[in-house]
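Read the structure below first, then the notes.
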Amino acid sequence: MQSFRSELELVNHSGKALVEKDIIDLDKKIREFREGKIHEEKFRSLRLARGVYGQRQQGVQMIRIKLPFGKVSTKQLLRIADISDEYSNGNLHLTTRQDIQIHHVSLDRTPELWAKLEQEDITLREACGNTVRNITASAEAGIDPNEVFDVSPYAHALFTYFLRKPFCQEMGRKIKMAFSNNDKDTAFTYIHDLGFIPKVKNGEKGFKVLVGGGLGAQPFLAQTAFEFLHEDKLIPFVEATLRVFDRYGERASRHKARIKYLINKIGIEEFLKLVKEEEKALLVKEFKIDTRLENGITTLKTILPKELPVINEDDYKLWLQTNTFEQKQVGLIGVYVKVQLGNILSDRTREFVKAIAKYADSEDVRITINQGFLLKNIAKEELPFLYNELNKIKLATPGFDSVADITACPGTDTCNLAISNSTHISVALENVITEEFPELVHNHDIKIKISGCMNSCGQHGLAQIGFHGSSFKVGTTVVPALQVLLGGGMVGNGKGRVSEKVIKVASKRAPDVLRKLFNDFEANAVEGEYFNSYYDKKGKDYFYQLLKPIGDNSSLTQDELIDWGQEEKFATAIGVGECAGVVIDLVATLFFEAEEKLAWSAEAFENKQWGDSIYYSYAAFINAAKGLLLDKQVHVNTQHGVINDFDKTFVETGLLKLKTEFKELILQINKQEPSIEFAESYFDDANDFVTKVRVYRETQILELN
C-alpha cells in the first residue's frame, strides 16, 4: 500500500488530479469487492472501463494499455517493459487495435501498476468495457507520400475529447473508430462503428464518414453517413452519434447491442435524423482541431559509424524490398518491424529501444494494425546500421504485412471465449509459407488472419484467407477445429468484403488447407490475378470441393484430437466473455447508481462542467426509472424503452405523480442548450424524480410487509 501511495504522489505532482481520482477509485472498488460490498457483475463493469480484463486463467487479469492510433515513445515502451517484468510475465502483446496488453496480473496490484504507467502519460482508462475503445489509424499517417493529409491529430483529438465523457461510460456496448489516411483504407474503416477517410473539397479538409460496421459473429459493412463532413463538424457529429447510441442502443442482449444492429433495425436515414435532433444538446456545434503538429518530428540522426557493418547482402536487400518505404519527407525512410504474433519480450524491447534511439524517431513509434511496429524518420544512409541492430535481436524478418505475416489473437492462451488455438497454428502456417512458398514473402495481396473464436479479434472476417477457432464431434469425441473463410478484404474508399465460410477442418489440417489453396492458385490463376478475383471467378462451391478431402473426418488420427500447443486431449472450455461489460439489472444497484450519478452531476456543476452535469442528471433519471420498472417486473432493453414504459406503467396509471410526462421531463436534454441555467434546473428535476421514486418504492415495501 505504501508503494501505491508513493506512485500516486508522483502522478499528483504531474498535475493529473483526474487520473489520481481514477486510480484511488479503482483501489477503493477492489477493496469493496473483496469485502462483498459490490456485486460481482457491477464490479466487472467498473474494472473493464479501467482496462482490467478477466483471463481464462483464474485469479489473474489481462491489462490493456490504451495508445491512441498506436503512437508510443521509447520512454513509454521502456516503462511498459518494466511494468511487465514487475507485475506480469515479461511479455508485451501488440494488438490489432494498436494497444499493448500484458497478462497474468494480480487484481490487487492493478492500481499501483496504473499509477506507474501514468508517470509516462500512459492510460488504461476505457481500454475495455462499454466505452469508446482505442481509436486506430493508418500507422503511416504523417509520413505517407500518398496520404490526403495527416489524420493523426484528428485521431488524437477524438481520443482526448471523449475520454471520461459521461455518455461514453456505460453504453450498451463498445464503440470502435478508425481513421484511414487515404482511399486505400488501410485502417479498415468499413468494419468500424465509426470510420473516417480524409477528403479535400473546395480547398477545405473533411472526411468521408462511415457508420455501423463491425465484424464478430455477424459481420456488417459500414454505411456512408457523409461523403464529405467538414473537419470542424467531426467531433460534434461523433458526440451526437454516441448520445443517440446510448439512448436507443440495445442493453439486454449484448449480442444485439452494437450500433450496427441499431442502424439495421431503424435504417440509416432514421438514425441520422436522431443524430441531427441531438445537436441542440451539444456544448460545441463546431470543434476546431489543432493540427500544428501535422507534419510530425523530422529530426535527422547524425551519429553515423565510420565502417559499414558486415551483413548478408541478399537478406538485407529482401528486407529493404519488403519492410521499408520512402516517406513524404525527402531523404527519410519508414521501416516496418515484423513481430510474430505481436509478442515481444521485455528484454528484447529494451534492445529494440536502443536501436531506435540511435537511428529512428524516439518520440513517435507506431504500433501497426497487423501487430508490428513502424519506425519513422530514418536517414537512408543509416539503413544498413539499423538493419544490423534489428537483425541481432531477431527483429529484421522480411515480409512485413505479406502472406507470411499472419495476424492472430491470443486465443486459448488467455481468452475466455476462445475455442481452439490461434497462436501455435499461426507459427505453423508461417513456417509452411517461408519453407515451401518463399516467393510469397513479396505478396501483399493475400492476408491471412486467425481468431480463436467467431468474434474476430484476429480480424479473420476481413481476410482473403481466414480461420476461426471451432470444434466438432466425431461420435462422443470432441475435435479441435478451424472454420476456413475465404474472399474477404478491402476494396477501397470505405468499401470492403466480408469473407465467406467455406468448410470446417480439424485444426491440425490447417497447413494442408494452405498448401492446397496456394498450389491451386499458382496452377490455375492467370498472371497478375488477385486472389479475390480468382475466388469470385471460381465460386465458393469450387473451393468447398477443393478442400472437401481435407475436411473428411473418417480418417482422424490421435494427434488430430489434440490442439496445437497442447499435450492433453482436446475439450472445449469456454468461459464468460468480457469483450463488453455485463448488464446490471439489480434494483438496489440501480437506485444506488442513480444517487451516485446525482452526486457526480453536482460535482460537475461545481466544476462548471455544465454538459457533464446535465448528462449525469440524465443518467440518474434513467437508473431510477429502470430500477422501479424492474421492481414491477417490466424488463426493457433500451433507454428509449425505459422512457416510454415508465410513462405507461407509472405516470399514465397515476401510480406516480409528476409535473409532466416522464418523457417530456427527461428529454429536455436534447431540446435545451447546455447552459448553466438548464444544468441547474435539470439537476433539480432529476433530484426531485429520484426522491419520488425512492419514496414510492419504500412505501410499497412497507405495505407488503
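Based on protein heavy atoms only, the range 414-492 ends up with 29 Å² per residue of surface accessible to a 1.4 Å probe.
The modelled label-to-label distance between residue 607 and residue 317, using points 7 Å beyond Cα along the C-beta direction, is 6.0 nm. Counted residue by residue at 0.36 nm each, then reduced by the alpha carbon distance between them, the extension gain from residue 60 to residue 230 reaches 56.7 nm.
Taking label positions 7 Å along the Cα-Cβ direction at both residue 284 and residue 326, the computed distance is 3.8 nm, reported to one decimal. By a 1.4 Å probe calculation restricted to protein chains, residue 635 has an accessible surface near 130 Å², given to the nearest 10. Counted by Cβ distance under 11 Å from residue 505, the other residues give a net charge of +2, where Lys and Arg count +1 and Asp and Glu count -1. For a label point 7 Å from the Cα of residue 587 along Cα→C-beta, name the residues of the range 216-258 whose backbone N is under 17 Å from it. In the range 216-258, the label zone of residue 587 (backbone N under 17 Å from the point 7 Å along Cα→Cβ) covers no residue.
Taking a straight Cα-Cα cut-off under 22 Å and skipping sequence neighbours fewer than 8 places away in the same chain, the lysines within cross-link reach of residue 37 are 21, 28, 29, 597, 626.
For residue 635 and residue 217, a Förster radius of 41 Å and the Cβ-Cβ distance give a FRET efficiency of 0.95, rounded to the nearest 0.05.
Tally up the carbon and sulfur contribution to the accessible surface of the chain as a whole percent, 1.4 Å probe, everything protein left in place. The nonpolar share, carbon plus sulfur, comes to 50 percent. Calculated FRET efficiency, residue 40 to residue 78, Cβ-Cβ distance, R0 = 41 Å: about 0.70 to the nearest 0.05. Shown for the chain is the translational diffusion coefficient from the Stokes-Einstein equation, using the Kirkwood radius over Cα pairs, a temperature of 4 °C and a viscosity of 1.567 mPa s: 48 µm²/s. Taking 21 Å as the straight-line reach from the Cα of residue 632, the lysines in range (excluding those fewer than 8 positions away in the same chain) are 648, 657, 663, 692. Normalised by 2.2 N^0.38 Å, where N is the number of residues, the alpha-carbon radius of gyration of the range 634-705 equals 1.23. The residues neighbouring residue 437, those whose beta-carbon lies less than 13 Å from its own, together hold a net charge of -4 under the Lys/Arg +1, Asp/Glu -1 convention. Residue 86 label point, 7 Å along Cα→Cβ, cut-off 13 Å on backbone N: hits in the range 101-134? It comes to 109-120, nothing else.
Charged side chains reduced to their Cβ positions (Lys and Arg at +1, Asp and Glu at -1) give the chain a dipole of some 880 debye around its Cα centre.
Calculated [222 nm] ellipticity per residue, helices only, for the chain: -12000 deg cm²/dmol; basis is -39500 (n - 2.57) per DSSP H run with n ≥ 4, divided by all residues, nearest 500.
In this simple spin-label approximation, residue 439 and residue 695 carry label points 7 Å from Cα along the Cα→Cβ vector, and these lie 8.3 nm apart.
The values are calculated or read from the model by the stated rules, or taken from the named source; none is laboratory data. This one's a predicted model, so the numbers in the text were calculated from it and none came from an experiment. Don't worry about glycine lacking a Cβ; one is built from the backbone with ideal geometry, like all the others, and counts go over all protein chains shown. Ligands, DNA and RNA are excluded from the accessible area calculation, which covers all protein heavy atoms including side chains. Shrake-Rupley method; radii C 1.70, N 1.55, O 1.52, S 1.80 Å.
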